[in-house]
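The values are calculated or read from the model by the stated rules, or taken from the named source; none is laboratory data. Remember, predicted model here, so these are calculated numbers, not experimental data. All Cβ positions, even for glycine, are placed from backbone atoms using ideal geometry, and neighbour counts span all protein chains on display.
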């Protein structure tokens, strides 16, 4: 890749992989971060995201976003930001594509059910489960478990929101093997992947909420910054029906946020004198992100979305149903492990906490559809 700034992550300077690999010329002329991205795209865990909840339960509507389409949209925004900032686009894209792989079925409702089930055994965290999946549970290679991703890739997934002072058991296990330097800040590529995630779901969830009839334009216009943008759009398209203009509002909001991140990030790089990737990790603060003004608007938007969409009675009812199904399956597999597929049942450890964690690994990998079908088979409803 050309045009990298001095503070970008350079694949030629990668700290490497846990398992040493000899270059195979039959696999094509890719650098290490390109290989990471491709390994994510070709993984079973990534393919499963097409049937996992984003906001709306995946089987209930063909036009709503699911974890897969959300991840692709995050990657598009992430690459745009990375290119403009002179960062490594391939590492940024790989982080964006992989960031939700650890989510169980039914989104945060499924995560709550697994957290309850593992409360006495270290709990459950989807971020740590992403790393567990990519370093242990995916097994496409003959000589080791996991995808054998680069240190920079795993570091970025582990701490894209900043240093981790108290890692969960799953992250602590990965860190013991990989030493992810959890107390430092992550690469700028990881920071940009994290903010791209926020930009994507802040705006696209509005689109899905409107499509589902759970949000109205009048509600959105109660937010002054959205109302101001809407008035600009109506002035630009005065001859167009308002029904055709919601996508323009979404695009404008994404553009404003992207531009704010670019301006703010470059200003922080200059102010802090960032010259290298090492400087980024030792900066003592997040560099890639919103300005204070945009961050406050984004917090207001999030509060609005929780009140009016995520905690809408219809959404809460669907979430409760999903949580119940996951909790039922945990109980069923604990009481009768033979209900699991043979490969999972025969590998079930005898002792806790390994036993319940193994069951959680199986459940976390389920899609919404698969979990529904297994629940129906066991409980007949």
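Sub-8 Å Cβ pairs linking a first residue in segment 161-186 that is without any contact (Cβ under 8 Å) to a residue 24 or more places away in the chain and at negative phi to a second residue that is crowded, with 18+ Cβ neighbours inside 10 Å and assigned to a helix (DSSP H, G or I), at least 6 apart or interchain, are 164/158; 164/171; 175/158, ordered by first then second residue. With respect to residue 53, is the statement that it is surrounded by fewer than 22 Cβ atoms within 10 Å (Cβ to Cβ) and either at pLDDT 95 or above or touching a helix residue (DSSP H, G or I) at 6+ places or on another chain (Cβ under 9 Å) (or both) true? No.
Against the conditions (1) in a helix (DSSP H, G or I); (2) surrounded by fewer than 14 Cβ atoms within 10 Å (Cβ to Cβ); (3) touching a residue at least 24 places away in the same chain (Cβ under 8 Å), residue 12 satisfies every one except (3).
Here is a yes/no grid of residues against (1) assigned to a loop (DSSP other than H, G, I, E, B); (2) in contact with a helix residue (DSSP H, G or I) (Cβ under 6 Å, 6 or more places away or on another chain); (3) touching a residue at least 40 places away in the same chain (Cβ under 8 Å); (4) over 15 Å from residue 148 (Cβ atoms):
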| site | (1), (2), (3), (4) |
| --- | --- |
| 22 | yes, no, no, no |
| 37 | no, yes, yes, no |
| 84 | no, yes, yes, yes |
| 87 | yes, yes, yes, yes |
| 94 | no, yes, yes, no |
| 105 | yes, yes, yes, yes |
| 109 | no, yes, yes, yes |
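For segment 132-152, a residue qualifies if it is outside any loop (DSSP other than H, G, I, E, B) and over 21 Å from residue 31 (Cβ atoms), and the qualifying residues are 132, 133, 136, 137.
With respect to residue 157, determine if the residue is assigned to a helix (DSSP H, G or I) and either surrounded by 18 or more Cβ atoms within 10 Å (Cβ to Cβ) or touching a helix residue (DSSP H, G or I) at 6+ places or on another chain (Cβ under 8 Å) (or both). I'd like the intermediate steps shown before the answer.
Details: assigned to a helix (DSSP H, G or I): yes; either surrounded by 18 or more Cβ atoms within 10 Å (Cβ to Cβ) or touching a helix residue (DSSP H, G or I) at 6+ places or on another chain (Cβ under 8 Å) (or both): yes.
Considered against the rule, which asks whether it is assigned to a helix (DSSP H, G or I) and either surrounded by 18 or more Cβ atoms within 10 Å (Cβ to Cβ) or touching a helix residue (DSSP H, G or I) at 6+ places or on another chain (Cβ under 8 Å) (or both), residue 157 comes out as yes.
The condition (being part of a helix (DSSP H, G or I), out of contact with any helix residue (DSSP H, G or I) (no Cβ under 7 Å at 6 or more places or on another chain), modelled with pLDDT of 95 or more and surrounded by fewer than 21 Cβ atoms within 10 Å (Cβ to Cβ)) is satisfied by just one residue among 172, 177: 172. Listed conditions (1) at pLDDT 95 or above; (2) buried (at least 18 other Cβ atoms within 10 Å of the Cβ); (3) touching a helix residue (DSSP H, G or I) at 6+ places or on another chain (Cβ under 8 Å) are all met by residue 194, apart from (3).
Of all helices (runs of 4 or more DSSP H) completely enclosed by segment 223-337, which ones contain at least 1 residues that are modelled with pLDDT of 95 or more, within 24 Å of the chain's Cα centre (by Cα) and farther than 30 Å from residue 352 by Cβ?
Working: elements: 224-236, 246-272, 277-281, 292-305, 313-335.
Of the helices (runs of 4 or more DSSP H) lying wholly inside segment 223-337, those with at least 1 residues that are modelled with pLDDT of 95 or more, within 24 Å of the chain's Cα centre (by Cα) and farther than 30 Å from residue 352 by Cβ span 246-272, 277-281, 292-305.
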